[in-house]
Amino acid sequence: MSKTFLVTGVSSGLGLAIARQALAAGHRVAGTVRTQQHAAAFESLDAERARAFLLDLTEQDRIEPTVRAAEAALGPIEVLVANAGYGVEGTFEESSMADLRRQFEVNVFGTVATMKAVLPGMRERRGGHIFVITSMGGMTTFPGLSFYEGSKHAMEGITEGLAQEVEQFGVRVTAVAPGAFATDWAGRSLVRAPRGIPDYDELFDPIRARRQALAGQGIGDPDRAGQAVLAVLDAEVPPVHLLLGSDALRLVTAGRRRVQNDIDTWKELSLSTDRSDGGVTVSA
């Protein structure tokens, strides 16, 4: 059965690939872009079932009207793919507070506002699926991406909490954490903070060079990512967290082991902070 999708950020990369796969499967897709040129290119994919809407996620007062316009054109939004976003690369000390604020304005606040705009309808209809495109950097960390990874960790937590709240209404929520895909994320979609502190040169300069060389060369196939999203949409019991790519699986697994090692190593100290006279414990 065909559904109405809203996919944010369909001008390129994973957003465009997911939208293409949805259209190929017979779904209707409203896609957000930031230029008229990209709008025309997207609508050329399917004259009847692809509609483009201009939207910048930093303009949060425009998100609700854009969602309503998409629904007027194609019908109630049944699937949201919150994909639009970008990355800030730079050491923590060299990245500015302005960098941090804009990173969260787009990746967190704009994404949450979009989710809020579609959720009431899904709840009232007792059905729907919200996909949030996070990153393997939302489940582990790498040097030089602390602001970006902070925004994606935030969305992993928000998504998991939301999933528990709306399961009772038949609304499904999945955080999709891709590894390195053959997109321009490490190129056009990555803002690089200027360098200025020599102490970080030995650690960070090789990392930045590798990241620049990676642009468009990732192991992940964007079209296969789109197919994976559609597979989850059809699953009887979809995941709340989904990794995409062998690199994401390997690196996140290693990162989780490091966390578990800290938990295990410091278990006795953790237990030592409980009240000696008892108290109320929190249950899931």
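The values are calculated or read from the model by the stated rules, or taken from the named source; none is laboratory data. Just so it is clear, the model here is predicted, and its values are computed rather than measured. Cβ coordinates were reconstructed from backbone atoms using ideal geometry, including for glycine residues, and neighbour counts include every protein chain displayed. To get the accessible areas, we keep the full protein, side chains included, count just its heavy atoms, and leave off ligands, DNA and RNA. Shrake-Rupley method; radii C 1.70, N 1.55, O 1.52, S 1.80 Å.
Observations, loosely collected:
- Just one of the numbered conditions (1) in contact with a strand residue (DSSP E or B) (Cβ under 7 Å, 6 or more places away or on another chain); (2) farther than 23 Å from residue 134 by Cβ; (3) among the basic types (Lys, Arg) is not true of residue 34: (2).
- Screening the candidates 244, 230 for the property of being under 30 Å from residue 26 (Cβ atoms), open to solvent by less than 30 Å² (accessible area, probe 1.4 Å) and in contact with a Lys or Arg (Cβ under 9 Å, 6 or more places away or on another chain) yields one hit, 244.
- Taking the criterion of being of a type in the set (A, V, I, L, M, F, W, C) and surrounded by 24 or more Cβ atoms within 10 Å (Cβ to Cβ), the residues of the stretch 14-24 that qualify are 14, 16, 17, 18, 19, 22.
- Within the stretch 159-174, residues that are within 16 Å of residue 77 (Cβ to Cβ) sit with their Cβ atoms under 6 Å from residues that are hydroxyl-bearing (Ser, Thr, Tyr), at 6+ positions apart or across chains, in these pairs: 173/159.
- Boolean, residue 225 is in contact with a Leu (Cβ under 9 Å, 6 or more places away or on another chain) and small (Gly, Ala, Ser): yes
- Annotation note: Cβ proximity below 9 Å between a residue of the stretch 92-112 that is more than 24 Å from residue 67 (Cβ to Cβ) and a residue that is charged (D, E, K, R) (sequence gap 6+ or interchain) occurs for 93/199; 94/195; 95/89.
- Test: residue in the stretch 209-221 that is part of a helix (DSSP H, G or I), of a type in the set (D, E, K, R) and either touching a helix residue (DSSP H, G or I) at 6+ places or on another chain (Cβ under 9 Å) or more than 30 Å from residue 5 (Cβ to Cβ) (or both): yes
- Filter pass, residue 252 being exposed (fewer than 10 other Cβ atoms within 10 Å of the Cβ) and under 30 Å from residue 168 (Cα atoms): no
- Taken residue by residue, the stretch 128-135 has no member that is open to solvent by less than 50 Å² (accessible area, probe 1.4 Å) and either among the acidic types (Asp, Glu) or without any contact (Cβ under 8 Å) to a residue 40 or more places away in the chain (or both).
- Count - residues of the stretch 139-189 that are in contact with a Pro (Cβ under 8 Å, 6 or more places away or on another chain), open to solvent by 30 Å² or more (accessible area, probe 1.4 Å) and not in a loop (DSSP other than H, G, I, E, B): 1
- Options 67, 88; residue that is within 17 Å of residue 19 (Cβ to Cβ) and in contact with a helix residue (DSSP H, G or I) (Cβ under 8 Å, 6 or more places away or on another chain): 67
- The residues in the stretch 255-284 that are under 30 Å from residue 243 (Cα atoms) and part of a loop (DSSP other than H, G, I, E, B) can be counted, and the count is 4.
- Helices (runs of 4 or more DSSP H) wholly inside the stretch 25-111 containing at least 2 residues that are crowded, with 21+ Cβ neighbours inside 10 Å and among the β-branched types (Val, Ile, Thr): 63-74
- Boolean, residue 41 is under 20 Å from residue 184 (Cβ atoms) and more than 16 Å from the chain's Cα centre (by Cα): yes
Matching residues to (1) farther than 30 Å from residue 121 by Cα; (2) out of contact with any helix residue (DSSP H, G or I) (no Cβ under 7 Å at 6 or more places or on another chain):
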site: 137; (1), (2): yes, no
site: 150; (1), (2): no, yes
site: 160; (1), (2): no, yes
site: 167; (1), (2): no, yes
site: 181; (1), (2): yes, no
site: 196; (1), (2): yes, yes
site: 238; (1), (2): no, no
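- Looking across the stretch 15-55, the residues that are out of contact with any Ser or Thr (no Cβ under 6 Å at 6 or more places or on another chain), touching a residue at least 24 places away in the same chain (Cβ under 8 Å) and charged (D, E, K, R) come down to 20, 49.
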